[in-house]
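Note sheet for the following structure.
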Amino acid sequence: MQLSERLRLYRADKEFCRRALGVMLPVAVQQLINSLFNMVDNLMVGSLDLNGLAMSAVSVANKPYTIFNCLLFGLTGGAGLMISQYYGAEDHKTCQGLFSLQVFLSLAISAVFFVLLQLLPRQIMGLFVKDENTILLGLSYLAVVSVSYLPTAISNVCVFSLRSIGKNRLPMLVSLGTITTNAVCNYILIFGKLGAPALGVVGAAWGTLIARTLEMLVYLVLLCGKRMYFNWNLKEALRLPGKTVRTFFVKAAPLTANELLWSVGLNLYFWCYARLDEASLPAISIAEVCNMFASILASGTSAAVSVLIGTELGANRLKEARESCKKLLGLDVAVALSSMLLSCLLSVLLPQAYQLTPELRHTATLISLIMSVLCPLQFVYGFCFFCLRAGGDTRSAMLLDSGYMWVVPVPAAVLMGIFLPGKISLWVAVLIVQFLMYAKVFPALWILKKGKWVKNITV
């Protein structure tokens, strides 16, 4: 479709654009809030020392959370694609049962992670760094923050289930309260304000735990008060038809496996960077914050894909789903270019806000710019991934995501980490890994164009 034709299409369908923006903007705002959550933590912890020791410790201690969060994303993604289609088919009872099922599965995952982090914290920290001071600081942080995994599990299920049916404003407002709580608690507990002891890194962990616990309690109150559509009940999950439960596990298993492989791959990238230049890990943390800002609007378009295309497919409007895909792709490209410009600006400005050495700030700027320039590839690939997921083609999504990752960029990172320490700069390694990681956008576009993903899984 030519650009002029696509623009005429958007002008002719203002209602679609209104619906798309209605889904995109609340999710984007929520992701902005989540990004600020991490940035506030980094800024406050980073001010504790110029060499970024505290920041490195917190960054490494949060690596298990990356795997945990990705597993939840896979689980809620499998449930979400079904909830959006059943919601489109107006089968609210099944939506209720699927919500309840993923709550209990998420709690089980959080319990496993909590036990592992309590039993093997030093071994986990030692996988990434060798500096004893970094490990000791990370252990003190991890002992507290690991408790927050349980409330996080419940909150994530609520957020992604509500997104699946297009209800995004409430999670946005709750997230705003969460980041405010986290910032206030961090300020008090890290620096010892209002009569509280100055706990440093441990104070940041307590701030995170308090904020995430209050977030969970807000959702519990709202759910128990029946002010929202969902509430959890084990009986609802047990009443699900066997066919629906089998479909859930068939769809959720590839996504969950994909997210597990994806998160482990991300941790291997970090391991590679630590091998090449452990002292520059704070620069990686800052660059990741800049990249999170670039992903804000991408999350919005992904949510629009899941909701708008998922509900069209669930209502068996396959032609309309194809048209929605074309329109949303155009929006995604425009958003990607805008986000790239924003991210480049942040790459120059944000590192200067950290109280670190000039060398670390320079490295952070360079790495952030590399990630920013490549972010349009990330956007378009994410769009393709969520289209496949909305249609229930989780197998293709898994092969594209983690399958490609473990064949191309992960081996490259491992080989650099083993054979090239002291031989190449950190920014060169980041450039290689980032480019290889998002080159998969080209086969993703080809699969999307074939259109086999356009199907209704509720029939």
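The table below lists the values:
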{"quantity": "Residues located in the stretch 296-331, provided they are surrounded by fewer than 24 Cβ atoms within 10 Å (Cβ to Cβ) and modelled with pLDDT under 70", "calculated": "296, 299"}
{"quantity": "Options 139, 117, 107, 127: the member that is more than 24 Å from residue 413 (Cβ to Cβ) and in contact (Cβ under 8 Å) with a residue 60 or more places away in the chain", "calculated": "139"}
{"quantity": "Answer residue from the stretch 348-371, given it is modelled with pLDDT of 90 or more and hydroxyl-bearing (Ser, Thr, Tyr) and is surrounded by the most Cβ atoms within 10 Å (Cβ to Cβ) among those", "calculated": "368"}
{"quantity": "Residue within the stretch 160-175 that is surrounded by 16 or more Cβ atoms within 10 Å (Cβ to Cβ), of a type outside the set (D, E, K, R) and over 27 Å from residue 386 (Cβ atoms) present", "calculated": "no"}
{"quantity": "Elements of type helices (runs of 4 or more DSSP H) contained in the stretch 84-162, each with 2 or more residues being of a type in the set (Gly, Ala, Ser)", "calculated": "92-119, 132-145"}
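The values are calculated or read from the model by the stated rules, or taken from the named source; none is laboratory data. Because the structure is a prediction, the values reported are computed rather than measured. Backbone-built Cβ (ideal geometry, glycine too); neighbour counts: all protein chains shown.
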